[in-house]
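Just below is one structure, and these are the notes that go with it.
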Amino acid sequence: MPELRRLLHLRGESEEQRAKRLWWSRFRRRHQAGAKRAHMAWRAAQRPAAALAPSSAQQVLGLRPLSDEQWEGLQHLFVVPPHTPGRHEVDTRLIIEGILWMMRTGSAWRSLPARFGAWSKVLSYYRQWKADGRWAQVQRALQSQEVPLCSSA
């Protein structure tokens, strides 16, 4: 509306003044449109990225529960010095079994049965072990202890 009012005032002005005002009016509209596009692009860039749908856990078929022999082979990876300050007693085998349960079933972390402990604790240990390379060692140890599914005679 203010822009229209400005244009109506042009009727009583000189040709030169009218040309200047028309130029200014067109410049201002183009500038505002460009500024609006730039502002919308800037706001879109500032907006947090859309959260990707969490990838569903992959189900690993044929994965068996942890046997006593397998646990004996893995224990050396999780030795905690006795009386380490700030460390609470953790049942590492139970946490590994919880992670293996997750891989076996392919379900969400929050649906981890209570017998394995808090799902968040199991997940945090999994992430920690994956980051420091320990989980890769666990996988290699479990694969080397695997019994072949069929024996060729």
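The values are calculated or read from the model by the stated rules, or taken from the named source; none is laboratory data. These numbers were taken from a predicted model, which means no experiment stands behind them. Note that each Cβ is placed from the backbone with ideal geometry, even for glycine, and that neighbours are counted across all protein chains shown.
Pairs needed: first member in region 63-80, closer than 12 Å to ASP91 by Cα and in a helix (DSSP H, G or I); second member anywhere, polar (S, T, N, Q) and modelled with pLDDT of 75 or more; C-beta distance under 7 Å; at least 6 residues apart or different chains.
Correct list of pairs: PHE78/THR92.
Can you tell me which residue within region 91-115, out of those that are free of Cβ contacts under 8 Å to residues at least 24 places away in the same chain and surrounded by fewer than 16 Cβ atoms within 10 Å (Cβ to Cβ), is nearest to VAL79 (Cα to Cα)?
Going through the qualifying residues, I end up with LEU94.
Name the residues in region 50-79 that are exposed (fewer than 11 other Cβ atoms within 10 Å of the Cβ) and at pLDDT below 65, would you?
Selection gives ALA50, ALA51, LEU52, ALA53, PRO54, SER55, SER56, GLN58, LEU61, GLY62.
Condition check: exposed (fewer than 11 other Cβ atoms within 10 Å of the Cβ) and at pLDDT 80 or above. Does ALA118 satisfy that?
So ALA118 fails the test.
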